[in-house]
Each structure stands twice: as C-alpha cells, then as structure tokens.
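Report on one structure; see the data block that follows.
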There are 2 protein chains.
Amino acid sequence: MYPQLKLDNQLCFRLYTAARLITASYTPFFKKFGITYPQYLVLMLLWEKDNQVVGDITERLLLETNTVTPILQRMEKQGLIIRQKSKADSRKCIVSLTNEGKRLEEQIKEVPNCLAHSILEEGMEIDDLKAMVPLLDKLIGTIGKQTKQKE
Amino acid sequence: MYPQLKLDNQLCFRLYTAARLITASYTPFFKKFGITYPQYLVLMLLWEKDNQVVGDITERLLLETNTVTPILQRMEKQGLIIRQKSKADSRKCIVSLTNEGKRLEEQIKEVPNCLAHSILEEGMEIDDLKAMVPLLDKLIGTIGKQTKQKE
DNA sequence: CTTTAATATATCGTGTGCGATATAAAAATA
DNA sequence: TATTTTTATATCGCACACGATATATTAAAG
C-alpha cells in the first residue's frame, strides 16, 4: 500500500543486512582465536595505542559502557587484556593488552586483506567499496549529530 | 603498525556503526507502539502480503528461524500477529496479522519519511542516500553468494 | 569544609543474532 | 510399506546492544 513501507525501498534494512553479513564473514577467521567481531574492534584500538581508558574505547567505537564493559570483562577472562584502575583518577579504568593479546596482532593482520580480496573476487569492485566510505562517514556524522542534539 | 588493522580504514566498522545508529534512530518512534526494529521489518512484510509462512519471512529478511521464531513469539504475545500450523503441510507455520497488527500500518506509515526528512535536514543529501542503495545491494549480493557457496 | 553536581564505570533486564542441536512432518528410497 | 533423507520450524546457549539505573570518585558550589 505505502511504498515507503516496502522493505525493498529502505536504506536502513540494507545497512542492517550488509552489516550483519559482513561481520558474519569475519567469524570463521576469528573462531580459532576464540574472539568475536566487537572484541576484534577493541583489540585493533589497543594495537594502535595500548593502555587506553574505557572512555577512550567507548568514544572510538560509538558504544556505551553498558556494551563495552561486559566485552572487556570477557576479554580479561580470556587473558587478552587486563583492566586496572587509574591511580591518578580512580574512576577511570585502564585497559592494557596482555602478551597474548599482543601476539594476536601478527596472527590476525592478514584477515581484513583476505576478506577484501574474497569480496573483490566475487564481483564487487574496488571503486564500489571506496565509494561507500565517504557516504557512510557522512551518514554516521549526520545521525550522530542528531543523537547528540537530543542530549 | 599495520594500516589494514586501523579502525579508520575499515568498511566493516562503518557499516556496523551506520546500521546501529540508523536503526537506533527508529527506536523513539517505535517506543509508543511497543515494537522493535526487527519486529517492524516483520510487520512491513506482512503489510505487504499477509499470511506468510515462517520460511518466507526468513528468506526476505536473510535471517534464520533461530532469530525469527523468537521475534514472532514475542509479537504473538503482544497481540500483533497469530501463528498457526498449515493444514496442507503441518511443518509450516503461517503468520497472520491481527487487527491490531493491521492498524499499526496507518500509524507507522509516516515514520520512514519522517526519518529520511530529518537526515536530509542535517546535511545528508538525497543523492548520497540514493547512491548507497545499489552499492549496498551489490555488497549484500556478493557476500550472500559466498555464504551460499560454503553450504 | 561540607554539600552538591558532574564524571567514569558498572550492573541489570530485555531483545536480538547466530552456531549448534532437536523435533516433527513430508518426501524419497529401498 | 518400512526406512531413510530432506524440509520446516523450534529450542538452547552465548555474546552483544541498549535503555535504565546504580555506584564510586572527583570537581564545583556554597
């Protein structure tokens, strides 16, 4: 009846589906390391810069502590990171890589290339992937702006 | 160290974030109807064509029954749909709208337009949104192809 | 210096997603 | 027809997301 209520006309459903499918395509690579996609995001941040506080991580991932804290707790239990209170400000919690967490970088570094490669082999073109980046950044920026306005 | 392991270089993280933020922007509109984004997806399918079997729904949403069945059970408990076994093939489960489920269409029909409008007001351009659609479709098609190959 | 407000993180409850497995019915095969 | 295989859906367990709330610590105000 209403064309705007048809699934095929909705950008949001495409984003929802694309995100699910592409993160799922990471899963087989992560399986032998016992990590998940969100845990991989945390590891990337720490590989880039170790010893960050929880707030740094939530800010980069655009997630809240109610999501990130449980992820960090699981990662600590698995021995990938440690969490310790800051001495300067004991409200803050500093997240650091263990040796095991550091070692994973070498083992995982080929995964993103590998996935990109297999997507390109299946008909997707590099220019298509490149074209999406600024569009997604603009969209994320726009929606993020709205979200902030309501606070 | 490895540029491909930087968050800022990853398409997947952008998709993951964009999907989260855009579906979250639906939430305030759904709140007064007590539904969620995935429940809204099911409703849209049924508004388009009532009395579909579970398999039709999983196929359109690219989800499995382990996700869809619990959603349908919650929707049935809320009185939005009913589920009944097919008489022709009692393995199949036919999902139908209740009157309440049907009534929601009128109340929700402006939501997608409303969201699109507010995104456009904040600097996103209509051409940007339109440009994303075929790119996402191509990506979804490509990853879907890979997923099927492994079966 | 005490009270109040702001900040940083954690906890709790609910609803997905999804891998793995179970169940039941229909279809195919022996 | 009895057995096996396939199909359709459901169940279970775990890890997110996220709204709401709680806790602890620091900063600001009185």
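The values are calculated or read from the model by the stated rules, or taken from the named source; none is laboratory data. In this text the structure is predicted, and so the values were computed from the model without any measurement. Glycine also receives a Cβ, built like all others from the backbone with ideal geometry; neighbour counts cover every protein chain displayed. For the accessible areas, the whole protein counts, side chains as well, though only heavy atoms, and no ligand, DNA or RNA atoms are used. Shrake-Rupley method; radii C 1.70, N 1.55, O 1.52, S 1.80 Å.
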**Request:** Identify all residues within the range A:54-94 that are among the acidic types (Asp, Glu) and under 16 Å from the mean Cα position of the chain (by Cα); write none if there are none.
**Result:** A:56, A:59, A:64
**Message:** Against the conditions (1) acidic (Asp, Glu); (2) facing chain B (nearest Cβ under 9 Å); (3) surrounded by fewer than 15 Cβ atoms within 10 Å (Cβ to Cβ), where does residue A:100 fall short? Just the number, please.
**Reply:** (2)
**Item:** Answer from A:71, A:81 - the residue that is away from every other protein chain (no Cβ under 13 Å), under 25 Å from residue B:9 (Cα atoms) and within 8 Å of DNA strand D (Cβ to nearest atom)
**Value:** A:71
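Determine whether the range B:28-45 contains at least one residue that is more than 20 Å from residue B:105 (Cα to Cα), among the aromatic types (Phe, Trp, Tyr) and within 8 Å of another protein chain (Cβ to nearest Cβ).
No: the range B:28-45 contains no residue that is more than 20 Å from residue B:105 (Cα to Cα), among the aromatic types (Phe, Trp, Tyr) and within 8 Å of another protein chain (Cβ to nearest Cβ).
How many residues does the range A:37-75 contain that are open to solvent by 60 Å² or more (accessible area, probe 1.4 Å) and of a type outside the set (Asp, Glu)?
Just the residues of the range A:37-75 that are open to solvent by 60 Å² or more (accessible area, probe 1.4 Å), to begin with: A:48-49, A:51, A:59-60, A:62, A:64-66, A:73-74.
Now restrict to residues that are of a type outside the set (Asp, Glu): A:49, A:51, A:60, A:62, A:65-66, A:73-74.
Counting residues in the range A:37-75 that are open to solvent by 60 Å² or more (accessible area, probe 1.4 Å) and of a type outside the set (Asp, Glu) gives 8.
To keep it simple, each residue is scored yes or no on (1) within 12 Å of DNA strand C (Cβ to nearest atom); (2) in the same structural domain as residue A:117 (by TED's automatic domain parsing); (3) free of Cβ contacts under 8 Å to residues at least 60 places away in the same chain.
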{"site": "A:1", "(1), (2), (3)": "no, yes, yes"}
{"site": "A:14", "(1), (2), (3)": "no, yes, yes"}
{"site": "A:46", "(1), (2), (3)": "no, no, yes"}
{"site": "A:49", "(1), (2), (3)": "no, no, yes"}
{"site": "A:54", "(1), (2), (3)": "yes, no, yes"}
{"site": "A:78", "(1), (2), (3)": "no, no, yes"}
{"site": "A:85", "(1), (2), (3)": "yes, no, yes"}
{"site": "A:91", "(1), (2), (3)": "yes, no, yes"}
